[in-house]
Amino acid sequence: MANATAGVVSLHGTGMCAGARDMVRLGTVRCCYRARRWDPVTCAAPSGSVTEDVVSKPRRLPRVVGMGSKLIACGSAVPKFEISNDDLAKIVETSDEWISVRTGIRKRRVLTGEESLKGLAVAAGKKALAMAQVEPDEIDLVILCTSTPNDLFGTGAQVHTALGCKNAWAFDATAACSGFLVGLVTATRFIKGGGYQNVLVIGADCLSRHVDWTDRGTCILFGDGAGAVLVQATAAEDDGFLGFDIHSDGQGYRHLNAKTSEGGTEEVISNTNGSTNFPPKKPAFSFIQMNGKEVFRFAVRCVPQSIEASLEEAALTSSNIDWLLLHQANRRIIDAVATRLQIPAEKVISNLANYGNTSAASIPLALDEAVRGGKVKGGDIIAASGFGAGLTWGSAIMRWQ
Ligand code: UT7
């Protein structure tokens, strides 16, 4: 570990550092680090120290191996417009009974009018910041987990700017319905090894824009929404991110996708050096295509395995889980996983009935409702798992606050 010697050390230099909030105890080693990296910090070292008078370079020195992270706050936002199963039965051949029995979904929210993915993500992020009582300029990184950005090049930077996180940078993470889990794991890595203090992870998706509203096999499943969590650095011994497990398998891509039309060409133009592939066409995404049965089988097989792997890393068993929080895709998947892990129904968090499958938003959206509803309390152990297109899947065991 950088500077991991007994006594007070600074990860930018040595000795006294800025702000009490930047001071974290790591066993016997007290490490100071600053969320803002680009201003060199000189700290007074103990006299005689080999690092006396060392001025740090303007780089991120605090690569603190073993830094802990914890979830300290959450927020969520959904569009105003609601569509019930009965409403859907007016546009495709289906029924409230079929949808609720086969999926557990009763209604969903859909973006309309002035609302946007960015707007939902910003609203969810603001609520998480308010719950944490952390100012926007204390955020180091915003990870926007989405497969449906406003812009081909991503929406994360727009979101962090709209939130006023002026000391942060941002990027989009795309991993479909596993997106939030990927963002969460990534956040903890930036904290663990990168010296970041506050990372805002936002899952937001609007798959309603990508379903074929004449296809009853898919349009009944999806809804739009956003959820956010604030992940904060903590001392290694207080680490609340206890284990994770994550996978992808491109072979399963055929079971769930929204493909681009690759390799198409505009009308062949004569002066293109003979190439028939120039100029390229602007690709268009197809509607979401899904083999529901295969995806169902994959989820019921892989999700419990992944949670078991995460539990093993955390040195826990399923009896230690206070809350099972799965990606909200189908009530029958959630029940099957809970049964396999022997987790009783009262420990299962689900809001699928009200929002359907909101992709990368579903885990933080359900978490936010459970926290604000008083279900999830400080110290509770949550087993979360995401799964979906890619195929991608994974899980994490974490302590709330
Ligand atoms: O986040 C991404 C992860 N995605 C998922 O987790 C989706 C996983 N899969 C599922 O949730 C389920 O497979 C579905 C809910 C999509 C479908 O349920 P299913 O029990 O697998 O139904 P099915 O596709 O086998 O269809 C059974 C019957 C078919 O009719 P026939 O061939 O038996 O006459 C379908 O045509 O139900 C019919 N059907 C419908 N009927 C009324 C399919 N969709 C509907 C519908 N309303 N909306």
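The values are calculated or read from the model by the stated rules, or taken from the named source; none is laboratory data. Everything quoted here is computed from the prediction, not taken from an experiment. All Cβ positions, even for glycine, are placed from backbone atoms using ideal geometry, and neighbour counts span all protein chains on display.
Brief remarks on what is shown
- Of all residues in segment 339-364, those satisfying the criterion of being under 26 Å from Asp224 (Cβ atoms) and without any contact (Cβ under 8 Å) to a residue 40 or more places away in the chain are Val348, Ile349, Asn351.
- Count - residues of segment 208-225 that are charged (D, E, K, R) and either buried (at least 17 other Cβ atoms within 10 Å of the Cβ) or within 12 Å of the ligand (Cβ to nearest atom) (or both): 3
- Count of segment 332-352 residues which are in contact with a Pro (Cβ under 8 Å, 6 or more places away or on another chain) and either at pLDDT below 95 or not small (Gly, Ala, Ser) (or both): 3
- Considering only residues in segment 343-391 that are buried (at least 23 other Cβ atoms within 10 Å of the Cβ) and among the hydroxyl-bearing types (Ser, Thr, Tyr), the one that is farthest from the chain's Cα centre (by Cα) turns out to be Tyr355.
- Pick from segment 150-165, criterion in contact with a helix residue (DSSP H, G or I) (Cβ under 7 Å, 6 or more places away or on another chain) and modelled with pLDDT of 95 or more, ranking: farthest from the ligand (Cβ to nearest atom): Gly164
- Any hit, segment 232-243, residues being modelled with pLDDT of 95 or more and either over 30 Å from Arg189 (Cβ atoms) or polar (S, T, N, Q) (or both): yes
- Matching entry among Ala204, Ala176 (being closer than 30 Å to Ile91 by Cα and touching a Gly at 6+ places or on another chain (Cβ under 6 Å)): Ala176
- Of the strands (runs of 3 or more DSSP E) lying entirely inside segment 188-258, those carrying at least 1 residues that are of a type in the set (Phe, Trp, Tyr) and in contact with a Ser or Thr (Cβ under 8 Å, 6 or more places away or on another chain) are 241-248.
- Among the criteria (1) in contact (Cβ under 8 Å) with a residue 12 or more places away in the chain; (2) surrounded by fewer than 20 Cβ atoms within 10 Å (Cβ to Cβ), the one Lys282 does not fulfil is (1).
- 3 or more residues within 19 Å of Phe298 (Cβ to Cβ) and out of contact with any Leu (no Cβ under 9 Å at 6 or more places or on another chain): qualifying helices (runs of 4 or more DSSP H) within segment 320-401: 331-340
- Residue check for Ala329: within 14 Å of the ligand (Cβ to nearest atom), in contact with a helix residue (DSSP H, G or I) (Cβ under 6 Å, 6 or more places away or on another chain) and closer than 27 Å to Ser84 by Cα: no
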